[in-house]
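Colleague: One structure, pasted below without further comment.
The values are calculated or read from the model by the stated rules, or taken from the named source; none is laboratory data. Because the structure is predicted, anything quoted here is derived from the model rather than measured. Glycine gets a Cβ as well: all are built from the backbone with ideal geometry, and neighbour counts include every protein chain shown. Note: areas computed on protein heavy atoms with side chains; ligands, DNA, RNA excluded. Shrake-Rupley method; radii C 1.70, N 1.55, O 1.52, S 1.80 Å.
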Amino acid sequence: MRITRTLATLAAFGLLANPLLAQQTLTGAGATFPTPIYQRWFSEYARTHQVQINYQSIGSGGGIRQFTAGTVDFGASDAPMTDSMIAALQGNVVHIPTVLGAVVVTYNLPTLGATKLQLDGTTIADIFLGRIVRWNDPRIASLNPGVALPAADIVVVHRSDGSGTSFVFTDYLSKVSADWKRTVGASNSVNWPTGLGGKGNEGVTQQVQQLEGSVGYIELVYATANHLPYAAVKNAAGQFVLPTLGSVTAAAAGARLDANTDFRVSITNAAGRASYPISSFTWLLIKKENPDVTKGKLIRDFLNYMVSDAAQQMAGTIGYAPLPKPVAALVRARIRTLTAGGHPIR
């Protein structure tokens, strides 16, 4: 009786969460690229809506596999699913863009101090092809006049897992280097010609931190959080551009999406003097028709939160570029088309 009265008192003053709401959970898995903002969103959403979202940061390839197998409520990927992958699900998937991010070329060269390297696409490709093997190579030196480059071996670090970050990086390299496109190509997982593997953005970050003379590719937030330097990359307009919210947003400015878009668009090597060339959307993979009415509504409600101005502004505070307003409007419209149990979600 005493316990019952105590619970009633707590509930009366709003100090006890609704037990039914508190038990609601969603599960997701996939991309490491957006994990920092997803963790922030999921934490804030649990606090304000009492819905627990459990997310496994296992890489885009793993996210696609688990979503396809039906072992999670949603997937996450920086690489859009292919037509054949979508066909395997009878088309029951919609790509929901969440934020924009940048893949940076990071390196461990303490002798450079605060000096930022400048690199172009073909030079980056040849470093990761194993053709440029020392930091003072004439091709790197010609892009960095006046910089005292060390006569040290280059240690390449790449992803060892199926990775949307790898897709974005190799998609860019395939656009700027014919040799890369012919010999390696663009994919979540490629046969790397050289280098050491690290699992997730976290693993590559750790390898670069530990190995002097190393170079790798990671999402911008991981570089800034770990105080790793990154290169200014020559864009399609011939300008050396650093990754910033502004330069990533500029890369997305040229993406023209119509009302029927499936949102699977690449913005690497985008036109424009201000565009950072290794930029990308990242997506949640959502069922168009969810057989579970409760889960369908929970997912719909979270998506509406995610695309809200407040959530998008939160992304900007930790290094992700918010969705452009026209894209956010298209996402809101697409969310309204989701169904659950064969009916519109109410």
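Colleague: To the nearest 20 Debye, how big is the dipole of the range 267-326 about its Cα centre, given +1 on the beta carbon of each Lys and Arg and -1 on that of each Asp and Glu? Let's see the in-between values first.
Modeller: Working: 7 positive and 4 negative charges, 22 e Å.
It works out to roughly 100 debye.
Colleague: List every residue whose amide H lies under 5 Å from the amide H of residue 214, counting only residues 5 or more places away in sequence or on a different chain, with H placed 1.01 Å from N in the peptide plane.
Modeller: Amide H neighbours of residue 214, under 5 Å, 5+ apart: 108, 155.
Colleague: Give the long-range amide H neighbours of residue 234: residues separated by 5 or more places, or on another chain, with amide H under 5 Å away, using H modelled in the peptide plane at 1.01 Å from N.
Modeller: When sequence neighbours closer than 5 places are left aside, the close amide H contacts are 119, 120, 121, 241.
Colleague: 7 Å from Cα along Cα→Cβ at both residue 225 and residue 318: what's the point-to-point distance in nm?
Modeller: 0.6 nm
Colleague: Further question on the same structure: What does the C-alpha gyration tensor say about the overall shape of the range 76-122? Classify as rounded when a/c is under 1.5, otherwise prolate if a/b is larger than b/c, or oblate. Let's see the in-between values first.
Modeller: On the way: a/c = 4.54, a/b = 3.27, b/c = 1.39.
It comes out prolate by the Cα gyration axes.
Colleague: Under 5 Å between amide H atoms, partner at least 5 residues away or on a different chain: which partners does residue 187 have, H built in plane at 1.01 Å?
Modeller: 170, 171
Colleague: Among the listed pairs 116/325; 287/325; 181/325; 116/199, which have their C-alpha atoms separated by more than 30 angstrom in this model? Intermediate values should be presented prior to the final figure.
Modeller: On the way: 116/325 32 Å; 287/325 24 Å; 181/325 33 Å; 116/199 26 Å.
Result: 116/325; 181/325 exceed 30 Å.
Colleague: Ignoring ligands, DNA and RNA, what percent of the accessible area of the range 288-346 is carbon or sulfur (1.4 Å)? Could the numbers behind the result be given before it?
Modeller: Working: 1740 of 2890 Å².
Answer for the range 288-346 is 60 percent, counting heavy atoms of protein chains only.
Colleague: In addition: Summing -39500 (n - 2.57) over the DSSP H runs of n ≥ 4 in the chain and dividing by its residue number, what mean residue ellipticity at 222 nm do you reach, to the nearest 500 deg cm²/dmol?
Modeller: Values: 15 runs with 139 residues, N = 346.
Value at 222 nm, helices only: -11500 deg cm²/dmol.
Colleague: Which whole-Hz ³J(HN,Hα) couplings does the range 175-182 yield from phi under the Karplus relation 6.51 cos²θ - 1.76 cosθ + 1.60, θ = phi - 60°, glycine and proline marked x?
Modeller: Working through the residues one at a time gives 7, 9, 9, 4, 5, 5, 4, 6 Hz.
Colleague: On to the next question. Take the eigenvalues of the Cα gyration tensor for the chain, scale each by 5, and report the square roots as semi-axes in whole Å, largest first.
Modeller: Numbers: eigenvalues 317, 97, 66 Å².
Working through the eigenvalues yields semi-axes of 40, 22, 18 Å.
Colleague: Return the sequence-ordered ³J(HN,Hα) values of the range 47-62 in whole Hz as given by the Karplus equation 6.51 cos²θ - 1.76 cosθ + 1.60 applied to θ = phi - 60°, using x for Gly and Pro.
Modeller: Residue by residue, the range 47-62 yields 5, 9, 10, 6, 10, 8, 10, 9, 10, 9, 8, 10, x, 4, x, x Hz.
Colleague: Convert each backbone phi in the range 72-81 into a coupling constant with the Karplus relation 6.51 cos²θ - 1.76 cosθ + 1.60 (shift: θ = phi - 60°), then list the ³J(HN,Hα) values in order as whole Hz, x for Gly and Pro.
Modeller: So the J values, rounded to whole Hz, are 10, 7, 8, x, 9, 8, 8, 10, x, 5.
Colleague: If R₀ is 30 angstrom, what is the calculated FRET efficiency for the pair residue 191 and residue 133, using the beta carbon separation as r and rounding to 0.05? Walk me through the numbers before you get to the answer.
Modeller: On the way: r = 19 Å, r/R0 = 0.63.
In this case the efficiency is close to 0.95.
Colleague: Can you pull the one-decimal nm distance between simple spin-label points at residue 48 and residue 237, each 7 Å off the Cα toward Cβ?
Modeller: Modelled inter-label distance: 3.5 nm.
Colleague: Cα gyration tensor of the range 136-228, axes a ≥ b ≥ c as square roots of the eigenvalues: rounded (a/c below 1.5), prolate (a/b > b/c) or oblate?
Modeller: Oblate is the answer for the range 136-228, as a/c is 1.5 or above yet b/c matches or exceeds a/b.
Colleague: Using a 1.4 angstrom probe, figure out how much accessible area the chain has per residue, in square angstrom, rounded to the nearest whole. Walk me through the intermediate numbers first.
Modeller: Working: 15120 Å² over 346 residues.
I get 44 Å² per residue for the chain.
Colleague: Take residue 39 and residue 148, extend 7 Å from each Cα along the Cα→Cβ direction, and tell me the distance between the two endpoints in nm.
Modeller: Distance between the two pseudo-spin positions: 3.8 nm.
Colleague: Here's a follow-up. In Å and whole numbers, how far do the C-alpha atoms of the range 185-278 stretch along each principal axis, longest first?
Modeller: In descending order, the Cα extents are 45, 26, 24 Å.
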